[in-house]
Amino acid sequence: MKNSALDSVEPWWRAQCILVDAQSYCRSFGRHSANPYHNLRHCELVGKVAVFYGMEQGLERNDLVVLGLAGLFHDFNHSGEPLDVLPDRENIRRALRAFQEYSDTRCLPTEHSATVRRLMANTEVEKIDGQIRFQEPVGHLDTFLRDADVSQMLFPAGRETQVGLAREMDLPFDSRFRETAVRFLYTVRLYTEPAQRRRAALRDELETWVRDTEPFEEAEI
C-alpha cells in the first residue's frame, strides 16, 4: 500500500483473521469484475479508510471489523454502469447477495452479519436531475463507511484510483476531471471528525494534484 497514513491500519488489519479471510475470499473472485474503478481495489481501500477513521475516533475492535467487512463487500460485483443506466439498488442487491453467501459459509456472528448488511444497504446512491444523492446515514457506523467511500482522494491511493473512475465514466483523466473531483470532495458532507480534519489539512496538496501533469497509474492496495 502506498499510503503513509494508512500504513498504521495494516498491522491491525493483518491481525484480524476475519478480515484476512474475507479479503482472501474477495480476491478469489478476481477484481469482482473488469470495472476500472468499482472493483476490489476500491472496496479494499474503502474498508481500510473506514477503519483508519474509526481508529482515529477510538472505535472498539468489533466496530472496526464490521467497517472493514462492509467496505470489502459494499461494491462486490458492481455493474460499472452509470446510475442513469442501472439504478444503484441493483448493485446493492448483488453485493448483499455476495456477502450473504460468504456469511453463510463462515458462520459469522449474527450481530456482525446484520450490521454489515445494514451498512452496505445504506451506501446506495441515486442520480436525480443530474445530481448525485446519497442516503442519509442511519447510525454512527454508517458515517464512517460513507466518509470512507466519498473521501478516498484524501489518500494517495485514492487519488490514483481516480484514473479508473475517469475511464469508467468514459472521460479523460485531465486537470478538468481532477478539479471536478476535488470540488466534489470539498462540497460533499463529511460526518466524522477524522475525515473533516484530514480534508481541511490537505487542501494545498489536492490543489497541487489537480495541476499535476505526471502520468498516473491505478494504485495497488
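The values are calculated or read from the model by the stated rules, or taken from the named source; none is laboratory data. Small disclaimer: the values here were computed from a predicted structure and weren't measured. All Cβ positions, glycine included, derive from the backbone under ideal geometry; neighbour counts span all protein chains shown. What goes into the accessible areas is simple: the full protein's heavy atoms, side chains included, and nothing from ligands, DNA or RNA. Shrake-Rupley method; radii C 1.70, N 1.55, O 1.52, S 1.80 Å.
Quick notes on this structure:
- Scanning segment 136-155 for residues that are farther than 19 Å from Thr180 by Cα and open to solvent by less than 70 Å² (accessible area, probe 1.4 Å) turns up Pro137, Gly139, Leu141, Asp142, Thr143, Phe144, Leu145, Arg146.
- Selection from segment 34-50 of residues that are assigned to a helix (DSSP H, G or I) and either farther than 14 Å from Gly80 by Cβ or open to solvent by 20 Å² or more (accessible area, probe 1.4 Å) (or both): Arg41, Glu44, Leu45, Val46, Gly47, Lys48, Val49, Ala50
- Taken over segment 156-165, the residue count meeting the criterion of being of a type in the set (A, V, I, L, M) and under 19 Å from Arg176 (Cβ atoms) is 2.
- Picking from residues in segment 179-202 that are aliphatic (A, V, I, L, M) and part of a helix (DSSP H, G or I), the one that is nearest to Ala166 (Cα to Cα) is Ala181.
- Taking the criterion of being part of a helix (DSSP H, G or I), more than 15 Å from Tyr102 (Cα to Cα) and of a type outside the set (Asp, Glu), the residues of segment 4-22 that qualify are Leu6, Ser8, Val9, Pro11, Trp12, Trp13, Arg14.
- Among the candidates Thr110, Thr123, the residue that is among the hydroxyl-bearing types (Ser, Thr, Tyr) and in contact with a Leu (Cβ under 7 Å, 6 or more places away or on another chain) is uniquely Thr123.
- Positions within segment 160-177 being farther than 11 Å from Leu45 by Cα and within 18 Å of the chain's Cα centre (by Cα), in sequence order: Glu160, Gln162, Val163, Gly164, Leu165, Ala166, Arg167, Glu168, Met169
- Some residue of segment 59-70 being over 22 Å from Leu6 (Cβ atoms), of a type in the set (Gly, Ala, Ser) and buried (at least 21 other Cβ atoms within 10 Å of the Cβ): no
- Residue within segment 23-33 that is crowded, with 23+ Cβ neighbours inside 10 Å, in a helix (DSSP H, G or I) and out of contact with any His (no Cβ under 9 Å at 6 or more places or on another chain) present: no
- Selection within segment 138-166 - under 21 Å from His78 (Cα atoms) and assigned to a loop (DSSP other than H, G, I, E, B): Ser151, Thr161
- Residue check, Ala98 open to solvent by less than 50 Å² (accessible area, probe 1.4 Å), touching a residue at least 24 places away in the same chain (Cβ under 8 Å) and in a helix (DSSP H, G or I): yes
- Residue in segment 71-85 that is without any contact (Cβ under 8 Å) to a residue 40 or more places away in the chain, part of a helix (DSSP H, G or I), open to solvent by less than 10 Å² (accessible area, probe 1.4 Å) and of a type in the set (Gly, Ala, Ser) present: no
- Hey, Glu168 closer than 30 Å to Thr208 by Cα, open to solvent by 10 Å² or more (accessible area, probe 1.4 Å) and modelled with pLDDT under 95 or not: yes
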